[in-house]
Amino acid sequence: MFHAHGYAAHDSHSPLVPFTFERRAPGVNDVVIDILYTGVCHSDLHQAQDDWGGSLYPMVPGHEIIGRVTQVGSGVHKFKVGDLAGVGCMVDSCRHCSACKEDLEVYCEEGPTVTYNGRERVSGQPTFGGYSDIIVVDEHFVVKVSPELDLKAVAPLLCAGITTYSPLRHWKVGPGQKVGVIGLGGLGHMGVKFAKALGATVVMITTSPDKGKDAQRLGADEVLLSTDPAAMKAHGNSFDFLLNTIPVSHDINPYLALLRRDRTMAMVGVLTELDPPPAGINLIMGRKSVAGSAIGGMKETQEMMDFCAEHGIVSEVEMIAIQDINQAYERLVKNDVKYRFVIDMASLKNEVS
Ligand code: NAP
Ligand code: ZN
Ligand code: ZN
């Protein structure tokens, strides 16, 4: 067993506070990782404040984890001590269902074991995430990280990166297509970068006029202000694919009007019901689809990491100390981050020592 230190939520409405807990002793296939950086995903906030119901407390959030391997089990073959390592949203799955066999562990028919706010499959112990100094994970759920990239800015790839890369690949986004990314936060800004790198013409679809200034730097060809009905009308019936990252219930009907016939909008942001719901007519006329997508499997996560290394793609980050996490959550709610907070975990070590 390892004594671990981190920050935890103890209920749905109190600030996160320092917390000490135990990590399991490494098994044969486990790697022990000293955490360097952890990204702050909007899902951390949703779960800490129990927006989706069923949250387990105390909860140590964090599923965008970059660290260095300090110990490996005897059966580990992918990693050695000193290697860089990344951990995302899952730490286990059943490994034998059809989804697991097809490298789609996130869609495990028995449910994947999530990095925090879940329970370990064998012991039933709660899982604790990356707002902490150390983590122990089966190597199957750990990805290799290129030392060439800025590690701080790599952390968000483990969730924001794969969650946007996977649907863009699944719906075969590429040259000659017009792709819209809706919501320019942690996920959305990665969606813009990936869609551009895949060769599409990319439109940032935002509620925030000031984010338009960043469009070119992020790789977008155009900006569409979704609060401007005339601009929305002008782009009507023109998109080949839409990636919707909006984190809260909203009206998707105006976005459906942007799609061409037979095209799809993939939802990755909102997990709760849509209000108002989509009108049937907006799907029927034009044979349009609304789909969903969850992170990505481990094989694809490694592919995405390698794609980023090859194309020099990282996240735009604002570094924070762990002691600033509650303020960061407040700013996230106010849509005041460009475009991902990342915790420098050295700040936690300073507190502990
Ligand atoms: P984020 O950084 O807060 O970004 C969300 C963006 O959505 C905001 O920057 C804003 O962009 C836009 N937005 C916010 N409120 C809005 C509203 N009321 N109406 C219209 N647009 C709004 O969040 P994130 O970390 O990217 O996460 C986005 C969502 O994805 C969260 O709900 C998270 O839980 C979910 N998620 C899902 C998966 C998955 O596997 N499917 C994985 C990770 C996260 P503009 O200012 O540009 O409008
Ligand atoms: Zn996430
Ligand atoms: Zn499975």
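The values are calculated or read from the model by the stated rules, or taken from the named source; none is laboratory data. The structure presented is a predicted model; accordingly, all values stated were derived computationally and were not measured. Reconstructed Cβ throughout: ideal geometry from the backbone, glycine too, with neighbour counts over all protein chains shown. Note: areas computed on protein heavy atoms with side chains; ligands, DNA, RNA excluded. Shrake-Rupley method; radii C 1.70, N 1.55, O 1.52, S 1.80 Å.
Conditions tested, residue by residue: (1) surrounded by 18 or more Cβ atoms within 10 Å (Cβ to Cβ); (2) more than 26 Å from Pro229 (Cα to Cα); (3) modelled with pLDDT of 95 or more; (4) outside the structural domain of Ala200 (by TED's automatic domain parsing).
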residue	(1), (2), (3), (4)
Ile246	yes, no, yes, no
Tyr255	yes, no, yes, no
Arg263	yes, no, yes, no
Met285	no, no, yes, no
Ala321	no, yes, yes, yes
Asn326	no, yes, yes, yes
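Going through (1) surrounded by fewer than 18 Cβ atoms within 10 Å (Cβ to Cβ); (2) touching a residue at least 60 places away in the same chain (Cβ under 8 Å); (3) within 22 Å of the chain's Cα centre (by Cα) one by one, Ser238 falls short only on (3).
Take Tyr57 and tell me if it is among the hydroxyl-bearing types (Ser, Thr, Tyr) and open to solvent by less than 30 Å² (accessible area, probe 1.4 Å). In short, no. The sole residue among His42, His46, His63 that is touching a Gly at 6+ places or on another chain (Cβ under 6 Å), within 16 Å of ligand 2 (Cβ to nearest atom) and not small (Gly, Ala, Ser) is His63. Looking at this structure, is Glu139 within 16 Å of ligand 2 (Cβ to nearest atom) and over 21 Å from Val342 (Cα atoms)? So Glu139 does not fit the description; no.
Residues in the range 179-201 include none that are assigned by TED's automatic domain parsing to the domain that holds Leu258, in a strand (DSSP E or B), without any contact (Cβ under 8 Å) to a residue 60 or more places away in the chain and under 25 Å from Cys41 (Cβ atoms).
If the condition is being hydrophobic (A, V, I, L, M, F, W, C), out of contact with any Ser or Thr (no Cβ under 9 Å at 6 or more places or on another chain) and either surrounded by fewer than 16 Cβ atoms within 10 Å (Cβ to Cβ) or not in a loop (DSSP other than H, G, I, E, B) (or both), then the range 110-160 contributes Val122, Val136, Leu151.
Results for (1) of a type in the set (Phe, Trp, Tyr); (2) in contact with a helix residue (DSSP H, G or I) (Cβ under 6 Å, 6 or more places away or on another chain); (3) open to solvent by 70 Å² or more (accessible area, probe 1.4 Å); (4) more than 14 Å from ligand 1 (Cβ to nearest atom), shown as yes or no for each residue.
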site: Thr20; (1), (2), (3), (4): no, no, yes, yes
site: Val40; (1), (2), (3), (4): no, yes, no, no
site: Pro61; (1), (2), (3), (4): no, yes, no, no
site: Val72; (1), (2), (3), (4): no, no, no, yes
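Only residues that are outside any loop (DSSP other than H, G, I, E, B), under 13 Å from Thr207 (Cα atoms) and hydrophobic (A, V, I, L, M, F, W, C) were counted across the range 236-252, and they come to 0.
Please tell me if Asp306 is under 22 Å from Gly88 (Cα atoms) and surrounded by fewer than 20 Cβ atoms within 10 Å (Cβ to Cβ). Yes; evaluated as a whole, the condition is true for this residue. You will find that of Asp83, Asp51, Asp34, the residue that is charged (D, E, K, R) and either closer than 13 Å to Ile135 by Cα or open to solvent by less than 20 Å² (accessible area, probe 1.4 Å) (or both) is Asp34 and no other. Selection within the range 86-101: residues that are among the small types (Gly, Ala, Ser) and more than 16 Å from ligand 3 (Cβ to nearest atom). The member of this set that is surrounded by the fewest Cβ atoms within 10 Å (Cβ to Cβ) is Gly86. Evaluate the range 86-98: report whether one residue or more is assigned to a helix (DSSP H, G or I) and modelled with pLDDT of 95 or more. Checked the range 86-98: at least one residue is assigned to a helix (DSSP H, G or I) and modelled with pLDDT of 95 or more.
Here the condition is being farther than 22 Å from Gln71 by Cα, away from ligand 1 (no atom under 16 Å from the Cβ) and in contact with an Asp or Glu (Cβ under 6 Å, 6 or more places away or on another chain); of Cys100, Cys159, Cys94, it holds for Cys94 alone.
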